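Worksheet for the structure shown next.
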Amino acid sequence: MTAWLILAAGENRVHGGNGGYDDLPAEHYSWDSTVPRHKLLKAGDLVVLWNKSVLLGASKIESIHEEEVVNVYFHCPSCRGQTFKARSTKSPKWRCNTCFHQFDEPEQTTKEVTAYRSNHAGNWLDLRGLLPGSVLRSVCRNPKEQLSLRYLNWDAFVEALDQVSLGNGVRQLADTGTELVLPSGFGQATIRARVGQAGFRAKLLEMYGENCAMSGPSFHAGLEAAHLVQYAEHGLHDFNAGLLLRRDLHALFDRKLLSVNPSTWRVEVSPHLVHVTAYAELAGVELKVPKKPKIAGILALHHAEFRAIASF
């Protein structure tokens, strides 16, 4: 089984002077036929994604979509080089790193290429920040390589990760298909990941940062994406109907032991929790998200069920 270290820096990732790629690390990765080793990735390969600084996560490729497209490429008007970046404060805006020519706008050309997009959402493991870039480079087959797609020594990666985070789940990626089979004392339980759930969580993290909607600043690993509309009923992810909640608060919210009054936008706590200081202190706290009508409408249904169960 082949493993890869893949550079995914979102809007900041460019290659060969093009306009970048539409990466969403928790769901998919994009590249094209101008990238070295572009044909070598395949379904079933293990992928570890990073942003040049830290680890983002790991998964297994489920499928790869391939199509012919026309890409736009940008060049230095003087030397035709493609190593330049925009300057935020100086003018002219652009400066070539090869010939040092300064210019207002780069020249453009077009080229037909094969575009690829991997789908790896189903098995995504969020490992953000657990390993620095220096360690990730060291576990590549060629640590000095500078390519976007690098061969990874999977066993060395797993060993490095185990040193900082036991029970991270990466070992199962190499042993299973699209389902993770977790051993227990009584047999085996099979868990199928919600397709796109990791991407849904990643989008909420992008929207709200590492903040629980009820308790405030938190660590990303302890935050979960809560669907205000039951995901099981429609199988869709609606970013305008989701909250980032601390793991314990998400469980209590789902069990109608915590809710939010849509009139006051403040947290209410079930009488069953008032003896727990950490939860009782949340009563009356204002929800830390924009007051969107869609969220308010859905919270009204949740709040009504909460009050009926809590016997207010």
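Values quoted throughout were computed directly from the atomic coordinates according to the rules given, and no laboratory measurement underlies them. These numbers come from a predicted model, not from an experiment. Note: ideal-geometry Cβ built from the backbone for every residue, glycine included; neighbour counts use all protein chains shown.
Details
- Exposure proxy order (Cβ contacts within 10 Å, fewest to most) of Ser33, Ser91, Ser118: Ser91, Ser33, Ser118
- Förster radius 30 Å - calculated FRET efficiency between His220 and His275, Cβ distance, rounded to 0.05: 0.50
- Ascending count of other beta-carbon atoms within 10 Å, so fewest first, for Ile6, Ile309: Ile309, Ile6
- Remark: Val170, Val72 ranked as Val72, Val170, counting other beta-carbon atoms within 10 Å and listing the fewest first.
- With each label modelled as a point 7 angstrom along the Cα→C-beta vector, the Gln146-Val69 pair spans 2.5 nm.
- Spin-label zone in the range 145-162 - amide nitrogen under 15 Å from a point set 7 Å from the Cα of Leu40 along the C-beta vector: 145-154
- Pairwise label distance in nanometres, Ile309 with Met1, each label 7 Å out on the Cα-Cβ vector: 3.8
- A straight chain from Asp254 to Asp162 at 0.36 nm per residue would run longer than the Cα-Cα distance by 29.9 nm.
- Among the listed pairs Lys42/Lys85; Lys256/Lys288; Lys60/Lys144, those with a Cα-Cα distance over 21 Å are Lys42/Lys85; Lys60/Lys144.
- Anisotropy class of the range 254-312 from Cα gyration tensor, a/c 1.5 cut: oblate
- Computed from backbone phi, the HN-Hα couplings of the range 96-104 come to 6, 7, 8, 10, 6, 5, 10, 7, 7 Hz, rounded to whole numbers (Karplus: 6.51 cos²θ - 1.76 cosθ + 1.60, θ = phi - 60°; Gly and Pro given as x).
- Each listed q (0.12 Å⁻¹) maps to a log10 I(q)/I(0) for the range 197-310 from the Debye sum over equal C-alpha point scatterers, namely -0.37.
- Among Phe306, Ala226, Ile295 the positive-end extreme of the charge dipole of the range 197-310 (Cβ point charges): Ile295
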